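This report concerns only the one structure given below.
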Amino acid sequence: MARDLDRIRQALGEGRMSYFGVSWGTQLGAVYRSMFPATIGRMWLDSVVSPRAYDLAYRFDASARATEEGFALFARWLAARNDGYGLGDTPAKVRATVLGMRQRADARPWRFSDLPVPLDGSFISFLASAPNLHWEQAGQILVAMRTAVDGGPAPQPVREVVGGPSGPPPPPPAGAPERDNATAGQAYLCNEDTSSRDFEPLWRGYRTNLDRYPVTGDLTALRPTCAGWTLPVQSFPLRRNGASLQMSGHRYEASTPYPWVRQMRDAIGGEVFTVDDFIHGSLPFVPECARHLVDYFDTGSPDGGSCRGEQPDGGTATAAATGPAPSEPTVGGTPSAAVPFSWPARR
């Protein structure tokens with residue numbers, strides 16, 4: 001793909017190009033920068049993958065750990081509001097309550113007359129994994145699930161996030177490019193994956209993630225993404241060079257955990273900018289943060305600062321998790337539109 005990208009640059013007649021990449025686009029950017037350093041003008045990478053992105057087992061493990069750490073912050077937030085939620089007045093009590101709900105749901109999934117599928121422990125893990133934008137809603141659903149009655153209609157807060165059966169997305173209009181190609185995505189991942197492709201090691205890794213991260217691990221434990229993939233591993237080089245580079249990591253997000261941006265800086269250089277939110281790839285959608293992005297491409301001057309990112313009204317992520325309980329936050333505008341909170345009922 002990096003070679004294809006360089007062919008586009010050549011076709012446009014550009015000697016140098018600027019680049020903004022998010023998530024997998026940061027992996028592509030890091031490889032492109034390493035292969036074609038003379039062609040880079042300015043580059044910003046947001047929600048940065050690890051330089052060990054080729055090892056899917058490592059990626060799953062790190063994401064699983066970050067998700068459980070995010071629940072620990074949520075538990076502190078709930079404990080500070082025990083008068084309203086009643087899930088426990090200490091983080092340890094909240095954790096015990098939610099873990100007990102997950103275990104009960106795995107043993108006896110909730111079955112509601114107006115929902116298409118049962119709700120097992122994965123649904124509780126989904127609620128526990130909520131970013132802080134949705135802590136209030138997730139907390140209300142946890143409360144509702146404690147008194148929910150099997151066989152009856154689902155509580156209203158549950159119905160609000162559980163969707164019906166979803167089929168494949170509609171095809172793009174005739175002549176339009178495909179929005180996403182799952183086959184290509186699988187190939188990009190598996191052609192470079194150095195983790196095991198055999199069943200037994202993958203099963204052990206899956207069970208280990210469940211044991212280490214019992215509340216949220218059912219959502220994040222290692223999956224056999226490349227089991228049985230037969231093509232040989234293709235390695236990619238990452239190298240330092242003097243081209244301009246700005247990267248940003250999101251302090252509490254789980255998809256590309258914050259330590260990864262520091263790892264990538266150690267591997268290829270650049271300056272790290274910090275977004276103090278839970279939300280993957282939010283930087284260009286928050287005006288305060290987007291100003292830094294625009295300034296960088298205007299001036300070429302890297303910025304080691306920070307921005308708040310996507311937040312519920314009423315405080316930063318750390319203040320909401322650790323400080324005194326303010327009035328309940330409300331989510332409005334961009335965050336709720338950009339980060340929908342829904343459970344796809346297709347398990």
Scan segment 285-299 for residues that are closer than 11 Å to Ser248 by Cα and open to solvent by 10 Å² or more (accessible area, probe 1.4 Å) and report the count. 2
Applying the selection to segment 20-71, what residues are part of a strand (DSSP E or B) and within 21 Å of Leu283 (Cα to Cα)? Phe20, Gly21, Val22, Gly41, Arg42, Met43, Trp44, Leu45, Asp46
Restricting attention to segment 18-58, the residues that are farther than 30 Å from Leu222 by Cα, open to solvent by 30 Å² or more (accessible area, probe 1.4 Å) and touching a strand residue (DSSP E or B) at 6+ places or on another chain (Cβ under 7 Å) number exactly 2
Considering residues that are at pLDDT below 90 and open to solvent by 50 Å² or more (accessible area, probe 1.4 Å), the number found within segment 207-226 is 3
Residues that are over 28 Å from Glu69 (Cβ atoms) and of a type outside the set (Gly, Ala, Ser): which helices (runs of 4 or more DSSP H) entirely in segment 217-313 hold 3 or more of them? 287-299
Enumerate the pairs (first residue in segment 262-282 and under 10 Å from Gly249 (Cα atoms); second residue anywhere and open to solvent by 20 Å² or more (accessible area, probe 1.4 Å) and in a strand (DSSP E or B)) with beta-carbon separation below 9 Å, excluding pairs fewer than 6 apart on the same chain, so at least 6 apart or on different chains. Phe273/Ser306; Thr274/Ser306; Val275/Ser306; Asp276/Ser306; His280/Val22; Gly281/Val22
Cβ contacts < 6 Å: first residue of a type in the set (Gly, Ala, Ser), restricted to segment 186-214; second residue open to solvent by less than 50 Å² (accessible area, probe 1.4 Å) and assigned to a loop (DSSP other than H, G, I, E, B), any location; separation 6+ or different chain. Result? Ser195/Asp55; Gly205/Leu222
I'd like the full set of residues that are among the hydrophobic types (A, V, I, L, M, F, W, C) and farther than 25 Å from Gln234 by Cα, limited to segment 1-31. Ala11, Leu12, Met17
Test for Arg76: is it among the charged types (D, E, K, R), in a helix (DSSP H, G or I), in contact (Cβ under 8 Å) with a residue 12 or more places away in the chain and in contact with a helix residue (DSSP H, G or I) (Cβ under 7 Å, 6 or more places away or on another chain): yes
Can you pull out the residues in segment 184-205 that are over 14 Å from Arg59 (Cβ atoms), in a helix (DSSP H, G or I), open to solvent by 40 Å² or more (accessible area, probe 1.4 Å) and not basic (Lys, Arg)? Gln186, Phe199, Glu200, Pro201, Trp203
Looking only at residues in segment 86-102 that are open to solvent by less than 70 Å² (accessible area, probe 1.4 Å) and aliphatic (A, V, I, L, M), which one is nearest to Arg146 (Cα to Cα)? Met101
State whether one or more residues within segment 230-240 are β-branched (Val, Ile, Thr), within 20 Å of the chain's Cα centre (by Cα) and at pLDDT below 95. no
Is it the case that Asp83 is over 27 Å from Asn191 (Cα atoms), without any contact (Cβ under 8 Å) to a residue 24 or more places away in the chain, open to solvent by 70 Å² or more (accessible area, probe 1.4 Å) and not in a helix (DSSP H, G or I)? no
Kindly state which helices (runs of 4 or more DSSP H) lie completely within segment 103-180 and contain at least 1 residues that are open to solvent by less than 90 Å² (accessible area, probe 1.4 Å) and of a type in the set (Gly, Ala, Ser). 121-128, 135-146
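The values are calculated or read from the model by the stated rules, or taken from the named source; none is laboratory data. If you're wondering where the values come from, they're calculated on a predicted model, not measured in any experiment. With ideal geometry, Cβ positions are generated from the backbone for all residues, glycine too; neighbour counts draw on all protein chains shown. To get the accessible areas, we keep the full protein, side chains included, count just its heavy atoms, and leave off ligands, DNA and RNA. Shrake-Rupley method; radii C 1.70, N 1.55, O 1.52, S 1.80 Å.
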